[in-house]
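Engineer: Have a look at this one before I ask anything.
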Amino acid sequence: MPVFSLKVNSSTREVNVDSGTSLLWVLREHLGLTGTKYSCGVGQCGSCTIHVEGSPMRACTLAVETVAKGQKITTIEGLSEKGDHPVQKAWAAHQVPQCGYCQSGQIMQAAALLEKNPKPGREEILQYMNGNLCRCGTYMRIYKAIESASKEL
Amino acid sequence: MKDQSTIDNSLSRRRFLKLSGGFTIGITVVGLVPQLTSCTEDGEDTRDLVAKELNAWVNIREDGQITIMSPASEMGQGSRTALPIILAEELDADWSKVQVETSPIDPEIYGSPGFGPNARKIMLNVGSRTVRGYFKSLRQAGAQTRYVLLHSVAKAWEVPIDELSTEPSMVVHEASGRKMPYGDVVAILDIPETISEISEEQMKKPEDFRLIWNESIGRVDVVEKSNGSAQFSMDIQVPDMVYGVIERGKVHGASPSLRNEAAMRAEDGLIDLVALDYGIGVVANSLEKALKLKEQLDIDWNTNVTAAKHSSQEALDSYATLTQHDETRELRSLGNVRQAMARAAKTYTADYKNDYVYHAQMEPLNAIAAVSEDQTSAEIWAGTQGPGFVAGAVADALGIEPEKVKFNLCFLGGGFGRRSMHDYIIEAALLSKAVKKPVKMIWTREDDLRYGMYRPMSFQRMQAGTDADGNIIAFSHSITGDGSNLLASGTANEFYDIPNQEVELNIVKNGIRLKHWRSVGHGPNKFAIEGFIDQIAADQGQDPLEVRRKLMANHPKALRTLEKAAEMANWGSPLAEGRARGIAFGERSGALCTGIAEISVNKDTGKIKVHHFWSAVDGGIMVQPDNAKAQMEGGILMGMSSVLSEQLTIESGEVRQSNFHDYNLLRMADIPETLEIALLPSDEAPQGMGEASTPIVAGAIANAFLALTGKALTHLPFTPERVKAVLDA
Ligand code: FES
Ligand code: FES
């Protein structure tokens, strides 16, 4: 089995897996970074959202070899040092999570949005977040939290 | 030496209380090895001490730190916060010093007494019963703990106990101006032999609540759910763990025979294949390997089962004319519907239908099981709504003693009724038993959807008669479908004064796996009831709000939710072109709820847009009002999802959908512009909030559509294609 070297959350990690293995399984089961979640495995739900070179990506659709060329991978564990990214703070202020399972993905997607455009309008927020499902129905609060994080930026 | 003396000293002060409510409260001192912090009698062995200590509901340390056990599954409903708040309120604890821990799984101590007067205490989180089930007993536990603190201080200061009062985490003697923090009381603790039950009058009055009804107290699990550290069972890793997946039939109940066993067994990375009645388990040394091997299975399925003959849309269409049922039950009979119909000035009939819906909890089912090598014990990690039943279920499956099963309750990535069955936990145990290693067993989303347990589809024939003034005097509701009681809830109309009512249930067996789904029968049934009332009102030229005002005239609590929602929505005020409002009422798990939707519809595509939604709810005392609102919001959005887009169909026993590309959940772009919730003030015991709002959504949207177009939507979900067909008809 080949060894892949991944730059995750500012450290370099080596994994020994078949090529073609999804980055999601590598992160979760091989590297123990379980904040990134599996829910659909086919790019439909956003639970596995991470940043690759700052852009939001679905880890479940990325084969490990495509991100082993020195790209910077950030997971929820690496979003901020103390869990105090403006988006995370807004999440607490608005009491967004219910079951919480989708929330790593939501937060990573929202953080990427605000990185790209710190002052998004309503339509832009709704469209940008449209690929992230939340079965508990926390969307109203997600929306409000993104708006208020945007005000902090 | 020093350590030893500390321990001895503490052991002489160790305390363990059995209170009248059956609660046990350990009050311990700080700085001890945790195993030795509390126990009953001298001379017990350490094993017992560990167990006993863990049996306490609340633990107060000398530094003032208070630990409160939460006995509930946390699936997003917030009980992990709400239950400790109830206890902390009566204890008068400083909430900032409270830390919450998951209680051990011991129903005798931690079970909810809220399942009926003669029921045994159980640990099961269903039907929005958690807060209301534990409310009384947790208040009692808090009050009794506070009493012990007061009693101890009264003795130490030699003052009458009724001269003492409390402030958050502080005993106060006003007459002398003395105060003692709870932590300091630990050192002078004096536990009375018995503590009688604290009466309701001696407890806090609602106006004195500091924690309950407090909007500013947040959930205890928000931080860990915002930084990725919250542990769902999916996230658990144990040493030597391997991975299991199961290929189940496309037809529910089909049984497999494996054609390529030899080839499979030759595969690298395979640990074992495990034959089950309804599937083949694959255990491999990595998850990716297990999933890959699962795809390579060549299975011959015996589909000689009931489900194979079932095609959902045909079956649903046939129910309207079906005369033979497997069973018919009368659910309710009030007055004489037949006679009332005969003398009615006008009679009405309308049929309603709903397709299957799927739970779609975001965390697919999974569990970790570690069966010991000698196969006499097991340890389990899982998220479940029924933690009290895991040990028994696993023990049964493995043929071992329940005491030999250690269960670790994890966060649930959604429950919605699906996780009160333990099929997935037993599967993990069986796989682990076969390979003699810890196994993380995962259902893929496709497994979870196709071999799910759905909210049943149903057909509902509604009939009614009105008198000369247009009042409904007879109301008949006939339900047809599979799922027994899953179809029955929400049909009683206790808050509508209609003198003659009947409800009947016709059961037809289809062989499809069915289950409770958030609010159970209330979703489809309230849709039919509320929709039908508006169809009648429209024909009579009556305003839907007025009709309900009349029907609820003798039910002030229900009426209050109606009036409040109407006020919030500014009912009757002019609307923009192409908009209309619809109203619906429902009661679920004790909570009364009115909802109003404002919608528009795209006439070209048939897509309904919900612009605003208002809801007023009376759920008694709101232990955690902000979370109660969150539950209401979530219930409405999940309701919208099921009403507007979720559709699971079956052809010849095979589920046609497989993942979120063809099973459509509500997404962010379709949320309303505003969603307002009003929690009506109340001093009455809390009711269930987790499902209160889901049942009103279908009626509110259908009724808005009727107001907008003059046409009735009678088949859930209201997908654009269906809506378009109704518009064009
Ligand atoms: S798990 Fe990757 S998008 Fe759903
Ligand atoms: S919080 Fe439960 S799925 Fe989003």
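Engineer: Within 10 Å of each Cβ of B:388-400, how many other protein chain Cβ atoms are there on average?
Structural biologist: Going residue by residue through B:388-400 and averaging, the value is 0.
Engineer: Helix B:696-709: angle to the longest alpha-carbon principal axis of chain B, degrees 0 to 90, nearest 10?
Structural biologist: 30
Engineer: So, counting K/R as plus one and D/E as minus one, what does the shell of residues with Cβ under 12 Å around residue A:55 add up to?
Structural biologist: +1
Engineer: A further question on this structure: Among B:125-133, B:531-539, how do they line up from the highest to the lowest mean number of other beta-carbon atoms within 10 Å?
Structural biologist: So the order, starting with the most tightly packed, is B:125-133, B:531-539.
Engineer: Taking the radius of gyration and the Kirkwood hydrodynamic radius from Cα positions alone, what is the Rg/Rh ratio for the stretch A:86-152, to two decimal places?
Structural biologist: Here Rg/Rh amounts to 0.91.
Engineer: Beyond 39 Å, what share of the Cα-Cα pairs of the protein assembly as shown is found? Please give it as a whole percent.
Structural biologist: The share of Cα pairs beyond 39 Å in the protein assembly as shown comes to 45 percent.
Engineer: Then there is this: When all C-alpha to C-alpha distances in the stretch A:3-79 are sorted into bins of 10 Å, what percent of pairs does each bin hold, rounded to whole numbers?
Structural biologist: Percent of Cα pairs in each bin: 22, 62, 16.
Engineer: Next question, about the same structure. Take peptide B:410-418, look around each residue's Cβ out to 10 angstrom, count Cβ atoms belonging to other protein chains, and average those counts.
Structural biologist: Per residue, the number of nearby Cβ atoms from other chains is 3 on average.
Engineer: Remind me, relative contact order of chain B in percent, using alpha carbon pairs under 8 angstrom and six or more residues apart?
Structural biologist: Relative CO of chain B lands at 13 percent.
Engineer: Please report the carbon-and-sulfur percent of the accessible area for the stretch A:86-152; probe 1.4 Å, protein heavy atoms only, DNA, RNA and ligands left out.
Structural biologist: Of the solvent-accessible surface of the stretch A:86-152, carbon and sulfur hold 51 percent.
Engineer: Keeping all protein chains in position, work out how much accessible area residue A:153 exposes to a 1.4 Å probe, and write it in Å² to the nearest 10.
Structural biologist: 90
Engineer: Let me ask something else about it. Over the residues of chain A, compute the C-alpha Rg and express it relative to 2.2 N^0.38 Å.
Structural biologist: Normalised by 2.2 N^0.38 Å, the Cα Rg of chain A equals 1.02.
Engineer: So, with +1 on the Cβ of K and R and -1 on the Cβ of D and E, and no other charges, what is the size of the charge dipole of the protein assembly as shown about its Cα centre, to the nearest 20 debye?
Structural biologist: Once rounded to the nearest 20, the dipole reads 1440 debye.
Engineer: Just the number, please: buried accessible area between A and B, total of both chains, 1.4 angstrom probe, nearest 100 square angstrom.
Structural biologist: Roughly 4500 Å² of accessible surface disappears when A and B pair.
Engineer: Okay, next question. Keeping all protein chains in place and using 1.4 angstrom, which order do A:151, B:179, B:526 fall into by accessible surface area, from largest down?
Structural biologist: A:151, B:179, B:526
Engineer: If A:89, B:136, B:557 are ordered by their accessible area, calculated over protein heavy atoms with a 1.4 Å probe, which sequence runs from highest to lowest?
Structural biologist: These residues rank, largest area first, as B:136, A:89, B:557.
Engineer: Relative contact order, percent, of the stretch B:476-587 when contacts are C-alpha pairs under 8 Å separated by at least 6 residues?
Structural biologist: About 28 percent, as a whole number.
Engineer: Rank-order B:299-311, B:384-396, B:409-421, B:504-516 by packing density, defined as the average count of other C-beta atoms within 10 Å over each peptide's residues, highest first.
Structural biologist: In descending order of packing, they fall as B:409-421, B:384-396, B:504-516, B:299-311.
Engineer: Relative contact order for the stretch A:3-79: what percent, with Cα pairs under 8 Å and sequence separation of 6 or more?
Structural biologist: In percent, rounded to a whole number, it is 38.
Engineer: Turning to a different aspect of this structure: Per-residue Cβ counts within 10 Å, from other chains only, averaged over A:18-25: what number is that?
Structural biologist: So the per-residue partner count for this stretch is 3.
Engineer: Additional query: So, for the stretch B:374-487, what is the accessible surface per residue at a probe of 1.4 Å, expressed in square angstrom?
Structural biologist: That works out to 27 Å² for each residue.
Engineer: Quick one: pull the percent of accessible area on the stretch B:587-642 belonging to carbon and sulfur, 1.4 Å probe, ligands and nucleic acids left out.
Structural biologist: 47
Engineer: For B:683, B:190, give the ranking by accessible area with the largest first, probe 1.4 Å.
Structural biologist: Listed by decreasing accessible area, they come as B:683, B:190.
Engineer: Sticking with this one: For residue B:146, tell me the accessible area in Å² from a 1.4 Å probe, rounded to the nearest 10.
Structural biologist: Accessible area of residue B:146: about 60 Å².
Engineer: Can you show me the helix-derived [θ] at 222 nm for the protein assembly as shown, built from DSSP H runs with n ≥ 4 at -39,500 (n - 2.57) apiece and divided by the number of residues, rounded to the nearest 500.
Structural biologist: Only helices count here, giving -9000 deg cm²/dmol.
Engineer: Taking the mean number of other Cβ atoms within 10 Å as a proxy for protection, how do you rank B:541-550, B:361-370, A:52-61 from highest to lowest?
Structural biologist: Answer by packing, highest mean first, reads B:361-370, A:52-61, B:541-550.
The values are calculated or read from the model by the stated rules, or taken from the named source; none is laboratory data. The model shown is predicted, which means the values in this text are computed figures rather than measured ones. In this analysis, Cβ positions are derived from the backbone assuming ideal geometry, glycine residues included, and neighbour counts consider all displayed protein chains. These accessible areas exclude ligands, DNA and RNA; they are computed on the full protein's heavy atoms, side chains included. Shrake-Rupley method; radii C 1.70, N 1.55, O 1.52, S 1.80 Å.
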